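Asker: Can you keep this structure in mind? I'll have questions shortly.
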Amino acid sequence: MMSEAMIEVKNFSKRYGAFTAVDDISFTVYRGEIFGLLGPNGAGKTSTLESLEGLRPPDGGVLRVAGIDPAAEPGKLRNAIGVQLQSGGLPASITADEAMKLFCAYHGVAPRFDLLDRLGLKEKRNVEFQGLSTGQQRRLALALAVAHEPPVVFLDEPTAGLDVASRVELHSLMRELKEKGTTIILATHDMAEAEAMSDRVAILLQGRLVTVDTPLAITATGAGLTKISVNTRAAFLLNNHHTFPAVNQQLVKEEYAIYFSTNIGQTVAALISTIEAEGDELLDLRVERPSLEDRFLELTNGGTQ
């Protein structure tokens, strides 16, 4: 499934006057892959997305989406991609049903009212766009983006403003699209979402590509510290300065003593022995591997790969 290249970015650059927004980046996205595009504000994500969507011409390099040059072949591109933007541009008075009919007519397919129902808009199909909540507008935008079953879908902050149930339904739909071979570009600030949903992620920083890999591989190449949180009945760990093996940093948060360890086994064994020796009782012990958010912050705050 992941052998056919659906998006090719080769030595891509984008400039605005003297400012270089994207500086000579390259990556490939394959059929049926959910590919996370991450980076702080100003990193170059929007310029990259807009160029792939045919909205801006590149200033250097080569772009291909489903074999199409976005800048040179916009007519061919329109049926090959679906786009959910951060903010919708629909007329205020158009209803959800009317928007679905319009978009599907544009692509030459039958209206997909079932998508409106599935995304929780069944009771809102005849409500004007301006009368929908922010979350409902975003769900409508998603339905419109995938209604013509494009091979490539761009999702820009798709779950922003959505309630928990809507997020779950969106993620379920994304997985179904992936199983059918749809390629999804996911641009999000939600690191937990990116880690859970993406097969691979690319992290941009100041227009440069910092890393491209699976979330697991990216988190494994960081400082490697594991977070160990401990809560005891007498809370003696909060009020003394015991040292434990393999701990690089420790802090107190509410009723928990928190340790960042390079060797889980050594640290946990020493903690349990000390708790027993002090006559205290262990109430809770949590071991958490570094998250994609931890690694993202490490990279974007000047850490190394």
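Asker: Sort through Ala105, Ala99, Ala110 and tell me the only one that's crowded, with 18+ Cβ neighbours inside 10 Å and either under 25 Å from Ala66 (Cβ atoms) or not hydrophobic (A, V, I, L, M, F, W, C) (or both).
Answerer: Ala99
Asker: Then there's this: Return yes when Val62 is in contact with a His (Cβ under 6 Å, 6 or more places away or on another chain) and touching a residue at least 24 places away in the same chain (Cβ under 8 Å) and no when it is not.
Answerer: no
Asker: Now for a separate question. With (1) out of contact with any Lys or Arg (no Cβ under 6 Å at 6 or more places or on another chain); (2) surrounded by fewer than 20 Cβ atoms within 10 Å (Cβ to Cβ) as the list, and Ser229 as the residue in question, which single condition is left unmet?
Answerer: Ser229 satisfies all of (1) out of contact with any Lys or Arg (no Cβ under 6 Å at 6 or more places or on another chain); (2) surrounded by fewer than 20 Cβ atoms within 10 Å (Cβ to Cβ) except (1).
Asker: Return the residues of segment 261-280 that are touching a Lys or Arg at 6+ places or on another chain (Cβ under 9 Å) and surrounded by 18 or more Cβ atoms within 10 Å (Cβ to Cβ); say none if nothing qualifies.
Answerer: Ser261
Asker: Exactly one of these conditions fails for Pro58: (1) more than 25 Å from Glu4 (Cβ to Cβ); (2) in contact with a Lys or Arg (Cβ under 7 Å, 6 or more places away or on another chain); (3) not aliphatic (A, V, I, L, M). Give me its number.
Answerer: All conditions are met except number (1).
Asker: While we're looking at this one, here's another question. Can you tell me which residue within segment 270-285, out of those that are touching a residue at least 40 places away in the same chain (Cβ under 8 Å) and either outside any strand (DSSP E or B) or not assigned by TED's automatic domain parsing to the domain that holds Glu255 (or both), is nearest to the chain's Cα centre (by Cα)?
Answerer: Ranking the candidates gives Leu271 first.
Asker: Is it the case, given these coordinates, that Ile25 is under 30 Å from Gly135 (Cα atoms) and either surrounded by 15 or more Cβ atoms within 10 Å (Cβ to Cβ) or assigned by TED's automatic domain parsing to the domain that holds Leu144 (or both)?
Answerer: So Ile25 fails the test.
Asker: Tell me the residue from Gly44, Gly32, Gly36, Gly61 that is of a type outside the set (Asp, Glu), surrounded by 15 or more Cβ atoms within 10 Å (Cβ to Cβ), under 17 Å from the mean Cα position of the chain (by Cα) and more than 22 Å from Glu157 (Cβ to Cβ), please.
Answerer: Just a single option satisfies the conditions, and that option is Gly32.
Asker: Let me ask you something else. Inside segment 246-257, can you point out the residues that are within 17 Å of Phe236 (Cβ to Cβ), modelled with pLDDT of 90 or more and surrounded by 16 or more Cβ atoms within 10 Å (Cβ to Cβ)?
Answerer: Passing the criteria: Val247, Tyr256, Ala257.
Asker: So for segment 131-141 (the condition being in the same structural domain as Ile68 (by TED's automatic domain parsing), under 15 Å from Gly36 (Cβ atoms), surrounded by 22 or more Cβ atoms within 10 Å (Cβ to Cβ) and touching a residue at least 40 places away in the same chain (Cβ under 8 Å)), does at least one residue qualify?
Answerer: So far as segment 131-141 goes, no, none of its residues is in the same structural domain as Ile68 (by TED's automatic domain parsing), under 15 Å from Gly36 (Cβ atoms), surrounded by 22 or more Cβ atoms within 10 Å (Cβ to Cβ) and touching a residue at least 40 places away in the same chain (Cβ under 8 Å).
Asker: Also, I was wondering about something else. Restricting the search to segment 217-265, which residues are basic (Lys, Arg) and in contact (Cβ under 8 Å) with a residue 40 or more places away in the chain?
Answerer: Hits for segment 217-265 are Lys227, Arg233.
Asker: Go through Ser51, Ser93, Ser13 for me and flag whichever is crowded, with 20+ Cβ neighbours inside 10 Å, of a type outside the set (A, V, I, L, M, F, W, C) and at pLDDT 95 or above.
Answerer: Going through Ser51, Ser93, Ser13 in turn, just one is crowded, with 20+ Cβ neighbours inside 10 Å, of a type outside the set (A, V, I, L, M, F, W, C) and at pLDDT 95 or above: Ser51.
Asker: Against the definition (within 30 Å of Ile34 (Cα to Cα), assigned by TED's automatic domain parsing to the domain that holds Leu177 and small (Gly, Ala, Ser)), how does Ala220 come out, yes or no?
Answerer: Answer is no for this residue.
Asker: Among the acidic types (Asp, Glu), outside any loop (DSSP other than H, G, I, E, B) and closer than 30 Å to Gly207 by Cα, is that true of Asp294?
Answerer: yes
Asker: Separate question: Taking segment 1-10 as the search range and keeping residues that are more than 18 Å from Leu77 (Cα to Cα) and modelled with pLDDT under 95, which one is surrounded by the fewest Cβ atoms within 10 Å (Cβ to Cβ)?
Answerer: Ser3
Asker: Residues that are free of Cβ contacts under 8 Å to residues at least 12 places away in the same chain, within 19 Å of Gly161 (Cα to Cα) and assigned to a helix (DSSP H, G or I): does segment 99-106 have at least one?
Answerer: So far as segment 99-106 goes, no, none of its residues is free of Cβ contacts under 8 Å to residues at least 12 places away in the same chain, within 19 Å of Gly161 (Cα to Cα) and assigned to a helix (DSSP H, G or I).
The values are calculated or read from the model by the stated rules, or taken from the named source; none is laboratory data. Note that the structure is a prediction, hence the values are computed from the model and not measured. Note: ideal-geometry Cβ built from the backbone for every residue, glycine included; neighbour counts use all protein chains shown.
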